[in-house]
Ligand SMILES: [Zn+2]
């Protein structure tokens, strides 16, 4: 028996580990060239555009690893298979620093419009790349473009994944129903906690040309951090090394991490650590179904 789609996602009975009232997780999607090449393969011929993306693995990741070392927290890095194959030393440096590596597609493909068989093929291709480059078997997946399909949860569970981080309908983690096999942990995200929207400008490809100040973005995220901590939720931030690996943005991020560390009762953890905790709670799985369109 599973709860209906109208289940209260603030989950009565949800509890953080003893001594904590809320949680925060800092995540980095190492898209590098993959997201742009998937959106526009012809951009491979635009050297400056490619260099904009290469800033992530070449310069952003080293700066962010140093920042995470200084602030003494562990983070989760979602890595497309193509990024792993193109930047193997970068991915191994993330692994060697003790951070979690999770799955983020192969070529950063949206799976919302492909068949389940094709979606599973892409998942396996990404797994093979992370294994061959870093010897990593990820426990979590985040949909490229944040575009999961209605088949994603089943495919992930079938392939031994512990969690997904692609959906936007809750403040706290919950369990997605998957067949009769129990549930897949969902760690919810939101566009307001992603650095791409305020910061990215790539002519003809992304952004309006209005690039926000890190002071403003840091203040915006601090508001959400404080409110989520007060409400017992999960503050799940998504940054990209090619975006937030730049100097003043990384500095603002470090300030935010220090604020999180100074927040009373806030558990700062990787996605895998949070998913393992949620699995111990025996929550009722949420059984969402694709909406049916009206007949007329
Ligand atoms: Zn991405």
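Quick check: anything in segment 45-65 over 24 Å from residue 147 (Cα atoms), within 14 Å of the ligand (Cβ to nearest atom), in contact with a helix residue (DSSP H, G or I) (Cβ under 6 Å, 6 or more places away or on another chain) and not in a strand (DSSP E or B)?
yes
Just need a number here: residues in segment 39-65 that are under 22 Å from the mean Cα position of the chain (by Cα) and either more than 16 Å from residue 110 (Cα to Cα) or modelled with pLDDT of 95 or more (or both).
14
Can you say whether residue 295 is loosely packed, with under 13 Cβ neighbours inside 10 Å, more than 16 Å from the ligand (Cβ to nearest atom) and more than 30 Å from residue 152 (Cα to Cα), as far as the supplied structure shows?
So residue 295 fails the test.
Quick test for you: out of 106, 161, pick the one residue that is crowded, with 16+ Cβ neighbours inside 10 Å and either away from the ligand (no atom under 15 Å from the Cβ) or on the phi > 0 side of the Ramachandran plot (or both).
Residue meeting the stated conditions: 161.
Return only the number of the condition from (1) within 30 Å of residue 283 (Cα to Cα); (2) without any contact (Cβ under 8 Å) to a residue 24 or more places away in the chain that residue 155 does not satisfy.
So residue 155 meets the others, but not (2).
Scan the helices (runs of 4 or more DSSP H) fully inside segment 107-210 and keep the ones with 3 or more residues being touching a strand residue (DSSP E or B) at 6+ places or on another chain (Cβ under 6 Å).
Passing ranges, in order: 152-158.
How many residues, within segment 117-151, are more than 22 Å from residue 95 (Cβ to Cβ), more than 16 Å from the ligand (Cβ to nearest atom) and loosely packed, with under 15 Cβ neighbours inside 10 Å?
Counting residues in segment 117-151 that are more than 22 Å from residue 95 (Cβ to Cβ), more than 16 Å from the ligand (Cβ to nearest atom) and loosely packed, with under 15 Cβ neighbours inside 10 Å gives 4.
Do we have residue 101 as within 16 Å of the ligand (Cβ to nearest atom), touching a strand residue (DSSP E or B) at 6+ places or on another chain (Cβ under 9 Å) and either under 18 Å from residue 161 (Cβ atoms) or at pLDDT below 95 (or both) here?
Yes; evaluated as a whole, the condition is true for this residue.
Which of the residues that make up segment 77-94 are away from the ligand (no atom under 13 Å from the Cβ) and not in a loop (DSSP other than H, G, I, E, B)?
Within segment 77-94, 84, 85, 86, 88, 89, 90, 91, 92, 93, 94 qualify.
Residue by residue through segment 228-252, note down the ones that are over 30 Å from residue 38 (Cβ atoms) and in contact with a strand residue (DSSP E or B) (Cβ under 9 Å, 6 or more places away or on another chain).
Answer for segment 228-252, where residues must be over 30 Å from residue 38 (Cβ atoms) and in contact with a strand residue (DSSP E or B) (Cβ under 9 Å, 6 or more places away or on another chain): 228, 229, 230, 231, 232, 233.
The values are calculated or read from the model by the stated rules, or taken from the named source; none is laboratory data. Please read all numbers here as calculations on a predicted model, not as lab measurements. Glycine also receives a Cβ, built like all others from the backbone with ideal geometry; neighbour counts cover every protein chain displayed.
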